[in-house]
Every structure is written in C-alpha cells, then in structure tokens.
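Every read-out reported here was derived from the displayed coordinates using simple, explicitly stated rules and does not represent laboratory data. Keep in mind it's a predicted model, so treat the numbers as computed, not measured. Heads up, the Cβs are rebuilt from the backbone with ideal geometry, glycines too, and the neighbour counts pull from every protein chain shown.
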Amino acid sequence: MKLRNKVFIMFTALVLVPLIIIAIVVHGIFSSSKLEDVTKSTENTIVQLNNSLDLMIDDAARSTLSLLYNNQLINTLTSYSNDSPGSYISNEDKNLFSLFLSGIMYNRETFRGVHVFSNQGHTFSHLDRGSISDTIHLKEQPWYQTVMGADGSWILYPEFHQPYYINDSNNYVSFVRLLKDPVDLHGIGIIKVDFNPDYFEKLTQQMPGEDWQIFSEGRALFNKSSYQLLDKCTSNRTWVNDGNEEFLCLTHTSPSTGIQVSNVIPKEFIYHEIKEFRQSLVLVIILSLIGTLLLSFYVSKLLLKPFDLLKDRIRDFQNNRMNKIDDNFRGEFAEISGTYNNMLSEINQLVKEVYELNTKNAESEYKSLQAKMDPHFIFNTLETINMTALSNKQFDVSDMVSDLGSLIRYRLNNEDTFIPLQAEMNFTKSYIALMEYRLGENLNVHWDIAPGVSSFLIPKYLIQPLIENSIKHGFLDRPISISIHVKTEGDVLEISVRDDGEGIPQEKLSELQNHLSNQDVSNHALKSERGNGLALVNISKRLMLIYGSEYHLHVHSIPFLNTTIKAKIPVQRGESHEESDDRGR
Amino acid sequence: MKKVMIVEDEKVIRQGIKFLLEEVFTGYQVAWEAENGERALEIIHVDVPDIILSDIRMPKMDGLKFLSYLQDKLPEVPVIVISGYDDFAYVREAFKLGVKDYLLKPIKRSELASVLKKIEKEDITYAFREDPPVIRQIKELIEQHLEEDLSLKFISNTLNLHPNYISQTFKDYTKVNLSDYIVSRRMEKANRLLSQTNLKIYDVAYLSGYSNAKHFSSVFKKYFGKTPQQFKNEVL
C-alpha cells in the first residue's frame, strides 16, 4: 500500500477511534442516567402516592373504629340487628348516628360519605333522606362477602356505583369493615366510607401519564382502560411486554396497607430523549469523519510531497531523463534530496565518461584506420581507376568505382552522429547500387519516402545497415525485394525496411525482440561484430541510448515470407536545403 | 566549343577527364593541361580559358591561394574543383572563393555533367543579357533544344505565350524571322561540330536537330554554299 495511504488511514483512525469510543461511553452514561432519572422520579411519585394513601387509609381505619368506643352507638346498632329489613328507624336513633357521622365528616376532604348499615340493611348516615335511601340489601352488595370474610379487618373496594345514593351515579372507591362488638365479637353492622374521587384525582395527578393503577388485594381500584400490562407489573424495575411494545414496570407496595401502586412507562417514552441525543451524537461523528478525512488527506499529501517528488525524479531517471530535485527542503528531506542530486551528478559524469571513452576508442580506431589507409591515396587511386575505365568507355566500371568512393568517404567521415535523412539515403543508395551490380536481377529495391522529410536529422548508419542486414540474412537463391518506407506520424519519424526473404523462425524472433529492447549498456555499441542479429542489436542500443528505452528497434517476421524491421525516432528538424550539399558524397 | 584548362598532376586522370569532355559530353576542348599550379599560372598569364577544372591538393601548391588568385585575375572564368580532400572547413573556403562546384574523387560523371550544364546556362543567359526578357527566354530555349523539335507550338507551350505574340515580338526586335533564326543557330552548331570534332555527318545532322541527313545537307548547302562533306574536307 502506498505510504501516503497508510499515513492517511493512520491519521484518520487516530482521530476517529478515540472519538467513537468516547461517543459510545458518553452515550452509555447518558442513557443510563436518563433511564435512572425517569425511573427514580416515577418511583418517588409512586412511593409518595402510596404514602398519602397510607395516611388516608389510616385515617379511615381510625375513623371507622371510633364508633366502637361509643356504647350507645353499639347498642343502638345492635338493636336493629333483629328487626326486619326496612323497618322503621326512629328519629332519635337517626339523629344519634347522624351527629356522630357528621363529626367524622367534618373537614375531611378525603371522604365523600361515611355510612353505617345494620345487619339487616338499615342505613344510618350523615346525609338526609333526600340523598341516601333508608335501607339496602346488604347481601346483594358485591363487597358483602369480602367484608364478611375479612371479619372486622378493613377492605378497599374498587370504584363502582353505590346504589344507595339518590341522584348520584358516580363511582366511588370504598373502605368497608364489619363492626364487631368489642365484648362478644359478634358482627353488629358494617361501616362504609366512600372516598372522595377529587382527592384521588389530586393524589394521582403527579403520576406520569395514565398508565397507572392502584391495587388492593389484587383488585384494581379504578376503572381504567389500562393495559393488561399493569396486571403483569408485579416486580419493580422490570420490563413487561404487550406483544408490540416494551414497558418499564414500576410498582410499590405499602408495607402497612398492602396497597400496590403500579406504573408502566413505554420504552419509547423513556428512550425518546436518549434517541435524540444519539442522533445528534451520530451527526457529530459523521461531520468529524468528513472533516478528519479531508484534513488527513491534505496533511498526508503535504507531508509526503517530498516523497512524491523523489518518486517522480526516480521514475524520470528510469526513462533516461536525469532531472535534479530542485525544491528547497528542510530537515531530513534536504539530506535525501542532496544525496540524490549528488548521485545523479555522479551517474551523469560516469555515463559521460563511459560514452566519451567509447567514442575516443572508436575515434582512435577510425583514426588508426585512416592512418593506415591514407584516404588521399585511396581516393586518388580510385579516381585513376575511374578515369581509366572512362577512357575505355567502361561506364559500368566508372559508376561502381564512384559509388565505392562515396561509401568509403561516408564511413571514414565520423564527425557527425546526426545527419540529414537525405545524406543517409544517398549513402544507402550508393551501397545498393554496388550490391545491385553484384547481385544483378536478384536484388530489387523500392523507396517510398514521404515528402518533406529529407532534411530531418537521424542518427548516422541507421538505414544502410538495415538493408545490409536484409540482404545478408534474407537472401536465398531467389531474387529478394526490399522496400524502404519513411513517413511521419505526428512527432515520430518511422523508418521501416521490409524484405521478402528467408524470414526469422519464431524462437529466434522472440529472442531477438528481447535483445532489441534490452537496455543493458555494454560496450558493444561502437564495435562492429559478426553474427546473426548483432548489427540490429547495436543499432537498437544506440537508439535507446540516444532517445530512451521506448525507442528500440521493432522486428516482425513470418518465416519464408517476409521480415520487417522498424525504427521509430522523434522528429528532429534540420536546416532544409534547396540542393543537397556535396559533403559526404 | 568551350576551351577548358585542366590542372591535375596525374596523367591518367587528365586523360580521363579529357575523354569525358571531348568525346562523351562533346562541345568542349581541353586546350591546356597543367601538372601543377606553377604551370597553370603561366598558362593563365597568356591565355584565358572558358572553364578551369583543377585539383587543389597537389605538391607545391597552396590550393586556396590559387583559387584566390583566380578569383582576382579571372573573375568571369568558372572554376570547378576536383579533389580527394573533403574537409568541411576547406570546402567552405573554396566556395567562398567563388568556385562553381567542388567535386570529390572519384567523381561521378553525372555530377560533372550537371555542373557544366549549369555553366552553359549561365553563359546563354549572359549572352542574351541585353535582350528584353521575352526575347531572352526564346533564345535560351532555342539554344537548349537545338537538337530537338523546335516548332512554334513547342515554344508557345513551353513559354506559355501565344504563337502569334512570339513570332511578332521576335521579328520586331531582332528584325529576323523566328524560323530563320533557328536555322542559323543550328547551322552554327553544325559548323562547330564539323570543324572541331570527328563526328560523322549523320551524327552532326542529328545533333543539329535534323533527323534526316539529306535534309540537313541541303539546308547546310543553302546556308554555307557547300555541302557538309566539302566543308569537312576543307577543315582537315
């Protein structure tokens, strides 16, 4: 993986990972504390309610028992036990109870009413005849069995419509107990308190929502369209499920009255705020992520700019473009760039030395060749031969001699590495002319030169050796045709030599292609060697040395059919001449 | 017939060039041969060649000095250098000293031919330099194509001028008919060839632009008052 990407990822992770961990932790803390808050506050409310209920019940208990401290009341009530139900109640007795009960009712906002019933259902109350009936069917009351079963202990009975009230169809929660004679413990009657619903209203106002219920002895006191959940809500701080949603069950049972107050809170309600918090947290993280990504990206790019530059320079170097690192860097990178530049200079120097050494070698070879050969001697002798031939009307011989002279002159003249295409063509034509004399009809050469390219500069000895190669290796015992094509494609000059000779077999062809594109710089370049393909390799190496590794020779061949050798070099324009000059001819 | 001086130290080469100029190209006569620069200078003091062909790397000669002298004393005489020496700086100097061309040994005879042709053209232009452009064009064209068909149609096509315009203008200026002029030029050439070469009559006829030797002879007789054969005999 690229270094820059590593730095980028590292940077991003370094920022994001702690951030996410913190976010998770904060979220956890927040949600649990929120949960605790809600739970706690509701619990408190429940407990408070229960406490208030305790007081209320306590008060009712005492009030109802207070009758048993009054003998007169006891006796009066007892006297009605044996009368038949609905029999007449004397005013005296009525007033007696009325007084007593009114005393209980005085300033008690918790009671709506308190009534005493004889065993036969005679009703004694603080209310007058217009508000309450004289008698009730005790045994038909829904609470009768439960009250008798409690045998003197009080019971709380869920709200319902009390039949004895006239013009009052409200539902009341009642507190009922059997009155027992303190002496002989017989039941003498029943005392019933109807609690004031407004008071309950006041008490339960603080409960959050409507999902609460008060139970006494397993009976729900209020008629609410509450969920069955509330029945399921038995232990505090548990979760109950109605099939669709989950609810938190909070419940408290009074240790003194046994009354259970329960409340269920929908999970969604509790978590509503937590959810909002979580959403904002996620948003913050996403924004940080984006911000961090951008920042990391730019910072890593900035930090690693020197390395990118170094990478580019090294790549340039591979493509034979020796560029120095020329930015001013500080710190470690200044060292690296300095060392690199030095290394580059040294390499340049070495290459120059090697090249110059080779060139000198070649030059001295040529010079010694020249010294041995003395061109003046050669050319003059050739001219003598030329003129002798002419004098004898041997015009063929004259042509051959002057072509040979051009060739020798061209080869001896080593001053230029680049010459106009036209000069190379002329030289090649001299060579071809001589070969045509020798091979006769067996050699056919065809030129196909694009217009306007004659003055382009090309390396010397590019085309003629290719022709020589074609003749040497392509020629069988039958005539060989060679065609030479020169054209431009954009900035590239394409020179291809194609012959219809022997061709190159597949294995040799791939081997040759490998050698042609192999950049290994050994000292072959300027020596002439014998051997199959070596001339081509030399040319290819020269081209790569001058122009770069992409500019090697291309060879393609179909055995026994044809061979094509192609050189592509960058266009180099020279001066264009109206007439070609005589140099080199 | 142009008179040529060859300056070259090797005899075989001199002979070869002489053969080339006189027998192959024709129209040239090697009137002077010098084996070295001194001899060449002696000749120049007395005679003026039409063309000088010279090697310039011979013993006891400073080639460039020689060329400079020629440029000074005989500026109108074209000089062609034939040499084995191909140093670029040296060749450049030679051209600066006015040589018409610098041929490298062993020379290609086609190259020598084209230089000579170039010189011939320049001479023609020089000869007719005082004529108005149209007349000069016509005369040059005629000189170059004496051997060939010189119909008015050919001239008109080549010069892109109307035939009537050509014949009218020519007559007005030279006071001579175009066809008469052409005949006279041909006859002059025939005269030269007969007196200066050994060519057979039919060759001379051909080179003068007459494919039919008999026709040539009658025109010749009419012009000179003798037959070609008689003329030839008299010269020898």
For this session: Please list the radius of gyration and Dmax for the range A:1-86, considering alpha-carbon atoms only, with Å as the unit.
Result: 35.1, 108
For this session: Please find the FRET efficiency linking A:Phe395 to B:Asp47, where r is the Cβ-Cβ separation and R0 is fixed at 41 Å, and quote it to the nearest 0.05.
Result: 0.80
For this session: In vacuum, with every alpha carbon of the range B:17-119 counted as one equal point scatterer, what does the Debye formula give for log10 I(q)/I(0) at q = 0.22 Å⁻¹? Two decimals, please.
Result: -1.38
For this session: Return one number: the angle in degrees, 0 to 90 and rounded to the nearest 10, between the long axis of the Cα atoms of helix B:213-224 and the longest principal axis of the Cα atoms of chain B.
Result: 90 degrees
Problem set entry | Cα centroid separation - the range A:10-86 against the range B:67-145, whole Å | 133 Å
Problem set entry | Distance in nm between pseudo-label sites at A:Gln506 and A:Asn44 (7 Å out along the Cβ direction from Cα) | 9.3 nm
Problem set entry | B:Gln196/B:Phe154 FRET efficiency (R0 22 Å; Cβ-Cβ; nearest 0.05) | 0.20
Exercise. Which distance in nm do the two modelled labels at A:Asn51 and A:Asn323 give, with both placed 7 Å along the Cα-to-Cβ direction?
Worked result: 8.4 nm
Seminar exercise, completed: Phi-derived 3J(HN,Hα) across the range A:454-469 with the Karplus relation (6.51, -1.76, 1.60, θ = phi - 60°), rounded Hz, x for Gly and Pro, is 4, 8, 5, 8, 10, x, 5, 6, 9, 8, 4, x, 5, 4, 4, 4
Seminar exercise, completed: Set A:Lys393/B:Lys96; A:Lys180/A:Lys232; A:Lys352/B:Lys96; A:Lys541/B:Lys105; B:Lys65/B:Lys118; A:Lys139/A:Lys202, cut-off 31 Å on Cα-Cα distance; pairs above it are A:Lys393/B:Lys96; A:Lys180/A:Lys232; A:Lys352/B:Lys96; A:Lys541/B:Lys105; A:Lys139/A:Lys202
Seminar exercise, completed: Rounded to one decimal in nm, the spacing of the 7 Å Cα→Cβ label points at B:Arg39 and A:Asn361 is 4.9 nm
For this session: Could you tell me the distance between the Cα centroids of the range A:291-364 and the range A:126-147, to the nearest Å?
Result: 111 Å
Exercise. If each residue's Cβ is checked for other Cβ atoms within 10 Å, how do A:Ile46, A:Ile432 rank with the fewest at the top?
Worked result: A:Ile432, A:Ile46
Problem set entry | For the range A:342-351, 3J(HN,Hα) per residue [Karplus equation, 6.51 cos²θ - 1.76 cosθ + 1.60, θ = phi - 60°, Hz, x = Gly/Pro] | 4, 4, 4, 4, 4, 4, 3, 4, 4, 4
For this session: Please give the length that would be gained between A:Gln279 and A:Leu302 if that part of the chain were fully extended, namely 0.36 nm times their separation in residues minus their C-alpha to C-alpha distance (nm, one decimal).
Result: 4.8 nm
Seminar exercise, completed: Residue separation between B:Lys175 and B:Leu74 times 0.36 nm, minus their alpha-carbon distance, gives in nm 32.8 nm
Exercise. So what are the three principal axis dimensions of the protein assembly as shown from its Cα atoms, in whole Å, longest to shortest?
Worked result: 205, 69, 56
Seminar exercise, completed: Expected integer from the mean partner chain Cβ neighbour count at 10 Å over B:11-18 is 5
For this session: For the range A:1-303, divide the Cα radius of gyration by the Kirkwood radius and give the resulting Rg/Rh value with two decimals.
Result: 1.31
For this session: Quick one: dipole size for chain A, taken about the Cα centre, charges +1 on Lys/Arg Cβ and -1 on Asp/Glu Cβ, in debye to the nearest 20.
Result: 1340 debye
For this session: Take B:Val48, A:Val486, A:Val15 and order them by how many other Cβ atoms sit within 10 Å, fewest up front.
Result: B:Val48, A:Val15, A:Val486
For this session: Measure out, as a whole number of angstrom, how far apart the alpha-carbon centroids of the range B:1-40 and the range B:163-214 sit.
Result: 29 Å
For this session: Please list, in chain and number order, the residues 5+ apart from B:Ser54 or on another chain whose amide H is under 5 Å from its amide H, with Hs placed from the backbone.
Result: B:Val7, B:Ile80, B:Val81, B:Ile82
Problem set entry | Over chain B: Rg over Rh, Cα atoms, Kirkwood Rh | 1.03
For this session: Within 10 Å of each residue's Cβ, count the other Cβ atoms and sort A:Trp212, A:Trp447 from fewest upward.
Result: A:Trp447, A:Trp212
Problem set entry | Only Lys, Arg (+1) and Asp, Glu (-1) charged, at Cβ; the range B:130-235 dipole about Cα centre in debye | 420 debye
Exercise. In square nanometres, what is one fourth of the surface area of the convex hull spanned by the alpha carbons of the range A:224-292?
Worked result: 6.8 nm²
Problem set entry | Rounded to the nearest 20 debye, dipole of the range A:413-570 from Cβ charges on Lys, Arg, Asp, Glu | 200 debye
Exercise. Given 0.36 nm per residue, what is the gain on full extension from A:Met148 to A:Thr564 after removing their alpha carbon distance, in nm?
Worked result: 137.3 nm
Seminar exercise, completed: Calc'd 3J(HN,Hα), the range A:427-436, phi into Karplus 6.51 cos²θ - 1.76 cosθ + 1.60 (θ = phi - 60°), Hz, glycine/Pro = x, comes to 4, 4, 5, 4, 4, 4, 4, 4, 5, 5
